[in-house]
Amino acid sequence: MTALLQIESLSVSYPLDRHRHLLAVEKVSVELPSGTTLAIVGESGCGKSTLARAVCGLTPISSGTVRLQGERIGSPHQPVDTRRIGHLVQYIFQDPFDALDPRLTVRKILEEPLRYLARQLTAKERENRILQALSEVALAAEHLERFPHEFSGGQAQRIGIARALVTEPRLLLCDEPVSALDVSIQAQIINLLLDLQRNRQLGLFMISHDLRVVRHLADRILVLYLGQVMEIAPTSALFGAAHHPYTHALLTAIPKSDPAAERERLRCTQAHLQPPPSPIARPTGCVFYSRCPHADQRCRTERPQRTRINEQHVVYCHHPVTNPNLSTLKSE
Amino acid sequence: MSRSLLWLDNLRLSFCTSEAQIEALRGINLSLGAGERLGIVGESGSGKSQLCFATLGLLPDNAQVSGRVCFDGIDLLTADAQTVQRLRGNQLAMIFQDPMSALNPYLTVGRQLTEVLRWHERLSRRAAQARAVDLLERVRLPEASIRMRAYPHELSGGMRQRVMIAMALLCEPRLLIADEPTTALDVTVQTDIMALLQTASERRALMLISHDLHLAAGVCQRIVVMYAGLFVEIGSVEDLFTRPAHPYTRGLLRAVPGHQGPAREPLYSIPGQPPQPDQIPQGCAFAPRCEQAFSRCHHELPPLHEIRAGHWRACHLDAAL
Ligand SMILES: Nc1ncnc2c1ncn2[C@@H]1O[C@H](COP(=O)(O)OP(=O)(O)O)[C@@H](O)[C@H]1O
Ligand SMILES: Nc1ncnc2c1ncn2[C@@H]1O[C@H](COP(=O)(O)OP(=O)(O)O)[C@@H](O)[C@H]1O
Ligand code: SF4
Ligand code: SF4
Ligand SMILES: [Mg+2]
Ligand SMILES: [Mg+2]
């Protein structure tokens, strides 16, 4: 069975000036089977949003290809045509208020994508789609004539999700959809996404920096660092048997549920992870070299290739470890 | 009460805007001992930041305030401006969520640190310089002496927050207030900053605002849960985690993903949303969202009362539950 989304050796670079460019995503390959969730994790600036934006045509592809349901929809020579595939792939943003036009009513906001992406629909069909999406996100018809500022953050995110649903997409690109929300509201939106996925067999491309959220939602996780894949594994394998030193660093950053354990975790924090090196001046070898406790000469000069742990689990590292000694993680 | 460093007595704070009357703090009572580390958690809009500002004697122009904010016996709400200024300079210090809002973008890190030292402690330039570098090393800013010459925008978010903490520690305050100091930072850096706060608060009192109960629990001894401008539960970290007594606290703990419950199954979630600040319901403000609400909850405000030594709750439910 072909995957819903296939990303092959995808690179994206942003021109900075006439001579320099910033390689934000480099040779990323990953698949997302239909109806499943792929989570993208990594520190800010590592290229998560760029990857999602390239998939739906918001950012041009520098090299590599993107396939949707087996069909090539994007490459450097063939920019993603949003008019053609936009109804299948929709984007959900972190800040719902930023993403909603404050001058438009909810009705107008939900009509907009249909006007561009589903022009064949009759007025009646449009209305049905809107009401259907609205009820799926648990908003009522009476909300249709209101403006975004009349809603709370959680409700605004529901509107953002409804807007993504009206075109009946197969894939939702969720860019930190719950990061701006309070815990009690966050759980509501997570449940909503799980429901939608089940009912509509949606693929979720889920960007999040919160590994607790990811652990609950994702089937598979891609760990990104400085635009490159470090590790891809099923959720249980990533939490139970991660192989990349950077993945281990992320895992130890998760607050513990038990206060005594959390106190101990903070006390043992001797590893002062500094921000990654500038993406403009990339190291020639492993990009994690400057912070890695297991780095050796080879890591400095030679970029690690993909190593298969098993069919589902890949890691990009010369010295994959399952049980690292993290207290030696280097500072800058 | 005589031994507490900070004592809030029926603190109320409201805003009169053209559209509405907003009650941000609706009667806060708190006693914080010297050297005690207190965590304050609650949803956005529950009044956490206003509580910090009021504790520093900083009140917005359109605010109306009543009650008492006593720091070391001095009421900051009635003391003269000079006294408050002096306390804020060397006894109380605050760390903000966004360090950029508190750092001067036009001055180097070194200049900002040394100026305060020279002014407050009348140190010579060289002595101030040495102290500043020493402090930056204490907050584990890499290459501290080089960073002295950096402007805030040249530093990463995590480094800026370290500088902010160094600024706050400059005069060795007795109370450190940190308002969501890691919310804007990456998780990896968040752990670092929390560990730093844990060390920085070893010889002083700490008021740590956080919307993450688990993070606050790692640093604090006591936790307060706020809802709609009121404390709804106070207790030791152990109390709150092993026997949370308020339905809102229980809901918050259960709603955090990734800790319990099978993956991909629905998470427990608190229904509804916090009230609009100008439309706080009568009675228990949590009643519209509370699964255990009964008629009394809708018209009678539950007072905060002690259900076990040191463990307080504002709820009408039978304490035995
Ligand atoms: N439009 C742009 N022009 C130039 N650089 C950009 C642009 N958008 C993002 N970047 C850079 O690309 C890198 C990846 O950014 P982004 O994809 O937003 O990361 P993330 O979403 O993981 O935080 C960062 O270094 C960022 O500064
Ligand atoms: N200057 C102001 N004028 C009017 N309302 C304000 C002002 N500052 C804060 N508020 C309101 O006071 C309430 C409490 O705010 P705040 O203390 O910032 O909450 P928190 O920090 O818990 O998110 C909010 O409803 C907020 O909108
Ligand atoms: S390749 Fe070397 S430097 Fe890179 S993560 Fe692996 S051990 Fe560390
Ligand atoms: S007082 Fe009533 S509504 Fe409020 S938390 Fe207790 S049971 Fe729920
Ligand atoms: Mg992003
Ligand atoms: Mg606040």
Quiz item: Quick one: how many residues across segment A:65-110 are surrounded by fewer than 17 Cβ atoms within 10 Å (Cβ to Cβ), in contact with a helix residue (DSSP H, G or I) (Cβ under 8 Å, 6 or more places away or on another chain) and more than 16 Å from A:R170 (Cα to Cα)?
Solution: 6
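If you go through segment B:178-193 one residue at a time, do you hit one that is assigned by TED's automatic domain parsing to the domain that holds B:H311, more than 15 Å from B:E36 (Cα to Cα), small (G, A, S) and assigned to a loop (DSSP other than H, G, I, E, B)? Quick ask: steps written out before the conclusion?
Of all residues in segment B:178-193, those assigned by TED's automatic domain parsing to the domain that holds B:H311 come to B:178-193.
Keeping just the survivors that are more than 15 Å from B:E36 (Cα to Cα) gives B:179-193.
The next check asks that each one be small (G, A, S); those that pass are B:184.
Okay, now just the ones that are also assigned to a loop (DSSP other than H, G, I, E, B), so B:184.
Yes, that holds for at least one residue.
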Quiz item: For segment A:180-248, which helices (runs of 4 or more DSSP H) that fit wholly inside it have 3 or more residues that are within 11 Å of another protein chain (Cβ to nearest Cβ) and within 16 Å of ligand 1 (Cβ to nearest atom)?
Solution: A:211-217
Quiz item: B:Q276 is checked against (1) over 19 Å from A:L181 (Cβ atoms); (2) out of contact with any helix residue (DSSP H, G or I) (no Cβ under 9 Å at 6 or more places or on another chain); (3) not in a strand (DSSP E or B); (4) not small (G, A, S) and fails just one. What number does that condition carry?
Solution: (1)
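Would you be able to say whether some residue in segment B:12-26 is of a type in the set (D, E, K, R) and away from ligand 2 (no atom under 14 Å from the Cβ)? Walk me through how you get there before you give the answer.
The initial filter retains those residues of segment B:12-26 that are of a type in the set (D, E, K, R), namely B:12, B:19, B:23, B:26.
Applying the additional criterion that residues be away from ligand 2 (no atom under 14 Å from the Cβ) yields none.
No, because not a single residue in segment B:12-26 is of a type in the set (D, E, K, R) and away from ligand 2 (no atom under 14 Å from the Cβ).
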Quiz prompt | Selection count where residues are in contact (Cβ under 8 Å) with a residue 40 or more places away in the chain, small (G, A, S) and either more than 12 Å from ligand 4 (Cβ to nearest atom) or not in a strand (DSSP E or B) (or both), scope segment B:293-321 | solution = 2
Quiz item: If you take the residues in segment B:34-67 that are farther than 28 Å from B:A217 by Cα and either within 16 Å of ligand 4 (Cβ to nearest atom) or not small (G, A, S) (or both), which one is nearest to the chain's Cα centre (by Cα)?
Solution: B:L59
Quiz item: Are any of the residues in segment A:123-131 buried (at least 19 other Cβ atoms within 10 Å of the Cβ), assigned to a helix (DSSP H, G or I) and in contact with a helix residue (DSSP H, G or I) (Cβ under 6 Å, 6 or more places away or on another chain)?
Solution: yes
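Residues that are assigned to a helix (DSSP H, G or I) and in contact with a Leu (Cβ under 6 Å, 6 or more places away or on another chain): does segment A:280-291 have at least one? Steps first, answer last, please.
Initial filter on segment A:280-291 (assigned to a helix (DSSP H, G or I)): A:289-291.
Cutting the leftovers down to in contact with a Leu (Cβ under 6 Å, 6 or more places away or on another chain) gives us none.
Scanning segment A:280-291, I find no residue that is assigned to a helix (DSSP H, G or I) and in contact with a Leu (Cβ under 6 Å, 6 or more places away or on another chain), so the answer is no.
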Quiz item: In segment A:88-116, which residues are of a type outside the set (A, V, I, L, M) and touching a Phe, Trp or Tyr at 6+ places or on another chain (Cβ under 9 Å)?
Solution: A:P96, A:F97, A:P102, A:R103, A:T105
Self-check item: Residue tally, condition in a loop (DSSP other than H, G, I, E, B), within 16 Å of ligand 1 (Cβ to nearest atom) and surrounded by fewer than 23 Cβ atoms within 10 Å (Cβ to Cβ), over segment A:156-179
Solution: 2
Quiz prompt | B:P303 vs. criteria surrounded by fewer than 18 Cβ atoms within 10 Å (Cβ to Cβ), assigned by TED's automatic domain parsing to the domain that holds B:T17 and under 23 Å from the mean Cα position of the chain (by Cα) | solution = yes
Quiz prompt | Evaluation of B:H214 against (1) within 12 Å of chain A (Cβ to nearest Cβ); (2) assigned to a loop (DSSP other than H, G, I, E, B) (one fails), failing number | solution = (2)
Quiz prompt | Some residue of segment B:226-241 being within 10 Å of ligand 4 (Cβ to nearest atom) and within 14 Å of chain A (Cβ to nearest Cβ) | solution = yes
Quiz item: Applying the selection to segment B:257-292, what residues are near ligand 4 (Cβ under 8 Å from one of its atoms) and at positive phi?
Solution: B:G283
Self-check item: Unmet requirement for A:S257, which otherwise passes all of (1) in a helix (DSSP H, G or I); (2) within 8 Å of chain B (Cβ to nearest Cβ)
Solution: (1)
Quiz item: Looking only at residues in segment B:261-282 that are more than 7 Å from every other protein chain (Cβ to nearest Cβ) and over 20 Å from B:A20 (Cα atoms), which one is modelled with the lowest pLDDT?
Solution: B:G261
Quiz prompt | Residue satisfying all of: in segment B:230-255; surrounded by fewer than 23 Cβ atoms within 10 Å (Cβ to Cβ) and touching a helix residue (DSSP H, G or I) at 6+ places or on another chain (Cβ under 6 Å); farthest from A:N191 (Cα to Cα) among these | solution = B:V237
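In this structure, is B:Q292 assigned by TED's automatic domain parsing to the domain that holds B:R12, surrounded by fewer than 19 Cβ atoms within 10 Å (Cβ to Cβ) and closer than 27 Å to A:D210 by Cα? Lay out the reasoning, then the answer.
Details: assigned by TED's automatic domain parsing to the domain that holds B:R12: yes; surrounded by fewer than 19 Cβ atoms within 10 Å (Cβ to Cβ): yes; closer than 27 Å to A:D210 by Cα: no.
For B:Q292, the condition - assigned by TED's automatic domain parsing to the domain that holds B:R12, surrounded by fewer than 19 Cβ atoms within 10 Å (Cβ to Cβ) and closer than 27 Å to A:D210 by Cα - is not met.
The rows are residues; the columns are (1) surrounded by 21 or more Cβ atoms within 10 Å (Cβ to Cβ); (2) at pLDDT below 95; (3) of a type in the set (A, V, I, L, M, F, W, C).
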residue: A:H272; (1), (2), (3): yes, yes, no
residue: A:C292; (1), (2), (3): yes, yes, yes
residue: A:H313; (1), (2), (3): no, no, no
residue: A:K330; (1), (2), (3): no, yes, no
Self-check item: Matching residues, segment A:146-178, being under 25 Å from B:L213 (Cα atoms) and within 10 Å of chain B (Cβ to nearest Cβ)
Solution: A:S152, A:G153, A:G154, A:Q155, A:V178
Self-check item: Residue in segment B:153-168 that is surrounded by fewer than 18 Cβ atoms within 10 Å (Cβ to Cβ), assigned by TED's automatic domain parsing to the domain that holds B:A128, farther than 22 Å from B:C52 by Cβ and of a type in the set (A, V, I, L, M, F, W, C) present
Solution: no
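The values are calculated or read from the model by the stated rules, or taken from the named source; none is laboratory data. What you see is a predicted model; the values in this text were computed from it and never measured. Ideal geometry is used to build each Cβ from the backbone, glycine not excepted, and the neighbour counts take in all protein chains shown.
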